[in-house]
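Worksheet: the structure to be examined is printed underneath.
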Amino acid sequence: MNVPAMNSLSALEVDWSRTDVGHPDGWPPALRVAVDLMLNSPLPSLIMWGRQQVMLLNGAYTALSGLPTQPPGGRIPAMQPSAWSWNAAALERAWQGESLVFPGQTLQMWRADGVSEQRFDLYYTPLRDGDGAVLGIVCTLAPPSAMAAPVAARALKMLVVEDNLDAQYLVCEMLRAMGHEVDAAADGERALQHLESTAYDVLFTDVSLPGISGVEVARRAVARWPRLHVIFASGYSGTLTQQLDFPAEAIQKPYDIEQLQALLDRIPRT
């Protein structure tokens, strides 16, 4: 039986002139081999090259993620894909030279129609130079070898307080796509009005607001409703929570979906 050959793609056949990696003639052999394998892989794959985090990807990953970036990428991304951002500790282990496998990992995939939660077996492989130093990391996303049953959780009732309307819209849509019930306010006074009229599980507020600050809104709210969980969006997350006289969490801007989801997952559903 004759099987027709498929056309393969080499890094030398790609125009890299508008990327941050330069012409393949100047690449280390590890990058040349990895890119050739990635471009021809049917599995979604991406490469983080160097500590500056230049990202290269293949067509299968672009189709999966809905990214506007076309393969092969080759630039530092404005926002890290979830395959990198879901676990910073795992990524650092790969930089230290470990080959890692994470079976059945759930990733939040940001698409035009909202957030899509998908499961993969994730494979991280360090790329080394001739002396063994790690120059980059390959991540391959494979279909999960074993599907675990998802754990159902009650949706949270949340109030988002953000005066930047574009940012407010984005975070509210992201939270709704996660399955939560969300109301929004653009300033502290309206936030307090919402809190008076509706029972919320979570107050998610910016710190700097016109009029009453986010910290003062939270202080008044917790005094009235002690079971309310407070999350601040702040440029100084660690410092902020150490100075408060009431319990709260903080997430540092800019944040990603996985960081916010991790905070929400710690809130008891009663």
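The values are calculated or read from the model by the stated rules, or taken from the named source; none is laboratory data. Worth saying up front: this structure is predicted, and the values here are computed from it rather than measured. As a convention, Cβ positions derive from the backbone with ideal geometry for all residues, glycine included, and neighbour counts pool all protein chains shown. Accessible surface areas use protein heavy atoms only, side chains included; no ligands, DNA or RNA. Shrake-Rupley method; radii C 1.70, N 1.55, O 1.52, S 1.80 Å.
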| task | Please work out if residue 199 is touching a Leu at 6+ places or on another chain (Cβ under 8 Å), outside any helix (DSSP H, G or I) and open to solvent by 30 Å² or more (accessible area, probe 1.4 Å). | result | no
| remark: The one condition residue 134 fails out of (1) open to solvent by less than 30 Å² (accessible area, probe 1.4 Å); (2) closer than 30 Å to residue 47 by Cβ is (1)
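Can you find a residue in the range 139-146 that is β-branched (Val, Ile, Thr) and touching a helix residue (DSSP H, G or I) at 6+ places or on another chain (Cβ under 6 Å)?
First pass over the range 139-146, keeping only residues β-branched (Val, Ile, Thr): 140.
Next, only the ones that are touching a helix residue (DSSP H, G or I) at 6+ places or on another chain (Cβ under 6 Å) stay: none.
There is no residue in the range 139-146 that is β-branched (Val, Ile, Thr) and touching a helix residue (DSSP H, G or I) at 6+ places or on another chain (Cβ under 6 Å).
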| note | Checked 162, 189, 181, 173 against criteria (open to solvent by 10 Å² or more (accessible area, probe 1.4 Å), over 27 Å from the mean Cα position of the chain (by Cα) and not basic (Lys, Arg)); the one match is 189
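Among the residues of the range 14-45, write down those that are of a type in the set (S, T, N, Q) and over 18 Å from residue 127 (Cα atoms).
Restricting attention to the range 14-45, the residues satisfying the condition of being of a type in the set (S, T, N, Q) are 17, 19, 40-41, 45.
Residues satisfying the conditions are 17, 19.
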| request: Say whether the condition of being without any contact (Cβ under 8 Å) to a residue 24 or more places away in the chain and either in contact with a helix residue (DSSP H, G or I) (Cβ under 7 Å, 6 or more places away or on another chain) or assigned to a loop (DSSP other than H, G, I, E, B) (or both) is met by at least one residue in the range 182-193. | output: no
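Residue under question is residue 230, and the condition is that it be among the β-branched types (Val, Ile, Thr) and closer than 28 Å to residue 80 by Cα; does it hold? Explain how you work it out, then say what you get.
Numbers: among the β-branched types (Val, Ile, Thr): yes; closer than 28 Å to residue 80 by Cα: yes.
Yes: the conditions hold for residue 230.
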